[in-house]
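A short reminder: the numbers here are calculations on the coordinates, not readings from a lab. Treat the numbers as computed from the prediction; the structure is a model and nothing was measured. Counting neighbours? That spans all protein chains shown, and the Cβs are built from the backbone with ideal geometry, glycine included.
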Ligand SMILES: C[S@@+](CC[C@H](N)C(=O)[O-])C[C@H]1O[C@@H](n2cnc3c(N)ncnc32)[C@H](O)[C@@H]1O
């Protein structure tokens, strides 16, 4: 029975949610609002959010880096899991979606735990390195444009402490990674990223088939 990961039918997925999901009212509201927006499907799934929150608690994480804020679901779920003095630094190029995120962080009473930076993530990560954040973060979540994934990963590796964790989203890319006829730039980038991290012996690694596929890389 445990030969391989069980494929999830819609019914089984609903069972999983109804028997494990504990989403706060504000997270639920944000998820529903975002689903009605263009690009709404970009937000992480609620069970993935809960899984990441559990990881943060297991690690007793206090400092989180996020690349790809969008309307703020993942930063909100992570901020909820941090202690009062915990901090998420999250970045995005899009000030409009970040403005929505800020409303919900405020509603959720976690705005004091979240710092948002607007601009291309490569530049923001370089700024953080210049500002002395090397080795600072317990956890980094990469969920922005796929073409820069390797660069984000390499910079996140510098910014995360030893024994910290880097979580990278969309690594199964809606199954397109196995379609050899699919050579669009994002798909190729995800395939290259997956090879890159598999070969990276500086980390321990697991690819979790949750949401759109989440790789966890533990910095040795
Ligand atoms: C998949 S969404 C993030 C979803 C978010 N983590 C959530 O769960 O709601 C990706 C985000 O990356 C942002 N993005 C795309 N290219 C970027 C870049 N070069 N620098 C920073 N952010 C970028 C987009 O504006 C978008 O909001």
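Might you check whether a residue that is within 23 Å of residue 149 (Cα to Cα), more than 11 Å from the ligand (Cβ to nearest atom) and touching a residue at least 60 places away in the same chain (Cβ under 8 Å) occurs anywhere in segment 19-36? No, every residue in segment 19-36 fails to be within 23 Å of residue 149 (Cα to Cα), more than 11 Å from the ligand (Cβ to nearest atom) and touching a residue at least 60 places away in the same chain (Cβ under 8 Å). Can you say whether residue 14 is within 11 Å of the ligand (Cβ to nearest atom) and either over 30 Å from residue 147 (Cβ atoms) or touching a residue at least 24 places away in the same chain (Cβ under 8 Å) (or both), as far as the supplied structure shows? When the stated conditions are applied, residue 14 does not pass them. Residue-level analysis places residue 101 outside the set of residues that are assigned to a loop (DSSP other than H, G, I, E, B), in contact with a helix residue (DSSP H, G or I) (Cβ under 9 Å, 6 or more places away or on another chain) and buried (at least 20 other Cβ atoms within 10 Å of the Cβ). Filtered by the rule that a residue be under 20 Å from residue 219 (Cα atoms), free of Cβ contacts under 8 Å to residues at least 12 places away in the same chain and not in a loop (DSSP other than H, G, I, E, B), segment 122-154 gives a lone residue, 154.
Residue by residue, here is whether (1) more than 9 Å from the ligand (Cβ to nearest atom); (2) under 23 Å from residue 163 (Cα atoms); (3) surrounded by fewer than 17 Cβ atoms within 10 Å (Cβ to Cβ) holds:
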| site | (1), (2), (3) |
| --- | --- |
| 44 | no, no, no |
| 57 | yes, yes, yes |
| 69 | no, no, no |
| 72 | no, no, no |
| 75 | no, yes, no |
| 83 | yes, yes, yes |
| 92 | no, no, no |
| 105 | yes, no, no |
| 111 | yes, no, no |
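Residue count for segment 181-204 under the criterion of being closer than 15 Å to residue 144 by Cα and loosely packed, with under 12 Cβ neighbours inside 10 Å: the result is 1. Check 3, 22, 31, 38 and return the single one that is part of a helix (DSSP H, G or I) and either touching a helix residue (DSSP H, G or I) at 6+ places or on another chain (Cβ under 9 Å) or loosely packed, with under 14 Cβ neighbours inside 10 Å (or both). Answer to the check: 31. Residues in segment 58-101 that are within 12 Å of the chain's Cα centre (by Cα) and free of Cβ contacts under 8 Å to residues at least 12 places away in the same chain: none.
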